[in-house]
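Below: one structure, written as structure tokens.
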Amino acid sequence: KKRTSRDYTAALRIILQAGIPGRNFENVRIDEVTPMVIRNWKRSCLDGVTDEDKILSRKRSANAKIRMFKGLFGSKAMKLYADWDVSGSEHLLAAAPYSRCKKVYRLPPVSLIKRTFELLDSYDGKESDKYAALTLALHFGLRRNEVVHARRDWIEFAGGKARIAVFTERGFSVKGGEDGYAHGPEKAGRKLLENSEGFDCLIQRRAQEA
């Protein structure tokens, strides 16, 4: 996608600007991106930062950029460079991310989970779009973009359960290209179809705007 390519090239630009200050990044050859350049950039990411939480955040951001610029020179991308000399990209590919930066996710308190499901019940029969969006998120675990694009024909039933086919189609792209199924209770799936009857999308407002 265009946004992905922009993000990846922006990551490389940021590294070059910080790693080789004073140079126009557009004139930097790929073989000039040495381990020292990468170290200079990583050092600049933490300059003046003393708060432990901010340091961890900066490291995670740097690791994300490392993954991005490595993607520019991965095995699939190399096929696009048939007419270019990118033989000096090995230092970029060898760049090591910061370690011990994994984010620890904690479950929300039981009281918050209970209130969220109570909120879902309060939308039933009153706010169909909010009910559909929250059902897709709570019962099927769909992401925001998947919720917005979800359609009636994505829902299937088998073995007393419902599943939603989340596949790239009709202008919608699955995050990370990971097509697959999201499973949930049959009752929730039936209710989604009931609430969206007469529309193509599960979110009626989106169906009306389409």
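The values are calculated or read from the model by the stated rules, or taken from the named source; none is laboratory data. Computed from a prediction, not measured in an experiment: that's the story for all the values here. Here Cβ is always computed from backbone atoms with ideal geometry, including for glycine, and neighbour counts include all displayed protein chains. Each accessible area value is taken on the protein alone, full model and side chains, heavy atoms only, with ligands, DNA and RNA left out. Shrake-Rupley method; radii C 1.70, N 1.55, O 1.52, S 1.80 Å.
Any chance you could tell me what percent of the C-alpha pair distances in segment 132-208 go past 14 Å?
56 percent
In debye, nearest 20, what is the charge dipole magnitude of segment 1-111 about its Cα centre with +1 on Lys and Arg Cβ and -1 on Asp and Glu Cβ, if you could check?
600 debye
Charges at C-beta only: +1 for Lys and Arg, -1 for Asp and Glu. How large is the resulting dipole of the chain about its Cα centre, in Debye rounded to 20?
My answer is approximately 620 debye.
Using Cα positions and a limit of under 27 Å, work out the lysines in reach of Lys42, with same-chain residues fewer than 8 apart set aside.
Filter leaves Lys2, Lys54, Lys59, Lys65, Lys70, Lys76, Lys102, Lys103.
Leaving ligands, DNA and RNA out of it, report the carbon-plus-sulfur percent of the accessible area of segment 105-210 at a 1.4 Å probe.
It is 50 percent, rounded to a whole number.
Report the accessible area of His183, computed with a 1.4 Å probe over the heavy atoms of all protein chains in place, in Å² rounded to the nearest 10.
Taking all protein chains as shown, His183 has close to 120 Å².
Pick out, in residue order, every one of the chymotrypsin sites (Phe, Trp or Tyr not before Pro) in segment 76-127 that is DSSP loop and has at most 12 other C-beta atoms within 10 Å; say none if there are none.
Listed in order of number, the matching sites are Trp84, Tyr105.
Starting at the first residue of segment 47-62, write each ³J(HN,Hα) from the Karplus equation 6.51 cos²θ - 1.76 cosθ + 1.60 with θ = phi - 60°, in whole Hz, x for Gly and Pro.
4, x, 9, 10, 5, 4, 5, 5, 4, 5, 5, 5, 5, 5, 5, 5
Of Ile113, Ile164, Ile203, which has the most accessible area and how do the rest follow, probe 1.4 Å?
Order by accessible area, largest first: Ile113, Ile203, Ile164.
Where the only charges are on Cβ atoms (+1 Lys, Arg; -1 Asp, Glu), what is the dipole of segment 152-198 about its Cα centre, to the nearest 20 debye?
In total the dipole reaches around 160 debye.
Quick one: how many Å² of Arg143 are accessible to a 1.4 Å probe, rounded to 10?
For Arg143, solvent-accessible area is about 100 Å².
Sum up the charges of everything whose Cβ sits under 13 Å from the Cβ of Val104, counting Lys and Arg as +1 and Asp and Glu as -1, but leave Val104 out.
It works out to a net charge of +4.
Using a Cα-Cα cut-off of under 23 Å, which lysines could be cross-linked to Lys161, ignoring same-chain neighbours fewer than 8 residues away?
Counting by Cα, and skipping residues close in sequence, Lys161 has these lysines nearby: Lys114, Lys130, Lys187, Lys191.
Residues with amide H under 5 Å of Ile203's amide H, sequence separation 5 or more or different chain, H placed in the peptide plane at 1.01 Å from N; which?
Amide H neighbours of Ile203, under 5 Å, 5+ apart: none.
Taking the Cβ of Ala11 as the centre, find all other residues whose Cβ is under 11 Å away and add up their charges (Lys, Arg: +1; Asp, Glu: -1).
Net of charged neighbours comes to +4.
Placing +1 on the Cβ of each Lys and Arg and -1 on the Cβ of each Asp and Glu in segment 12-137, which of Thr135, Met78, Thr34 has its Cα farthest towards the positive end of the resulting dipole?
Thr34
Put a dot 7 Å past each Cα toward the Cβ at Arg152 and Asp7; how far apart are the dots in nm?
The answer from the label model is 3.3 nm.
How far apart, in nm, are two points set 7 Å out from the Cα along the Cα-to-Cβ line at Asn27 and at Phe167?
5.2 nm
May I ask you to compute the full-extension gain from Asn145 to Lys103, defined as 0.36 nm times their residue separation minus their alpha-carbon distance, rounded to one decimal in nm?
12.9 nm
[x] 59, 49, 28; [y] 62, 45, 33; [z] 72, 39, 29: which one is Cα extents along the principal axes in Å as calculated from this entry?
Matching entry in [x] 59, 49, 28; [y] 62, 45, 33; [z] 72, 39, 29: [y].
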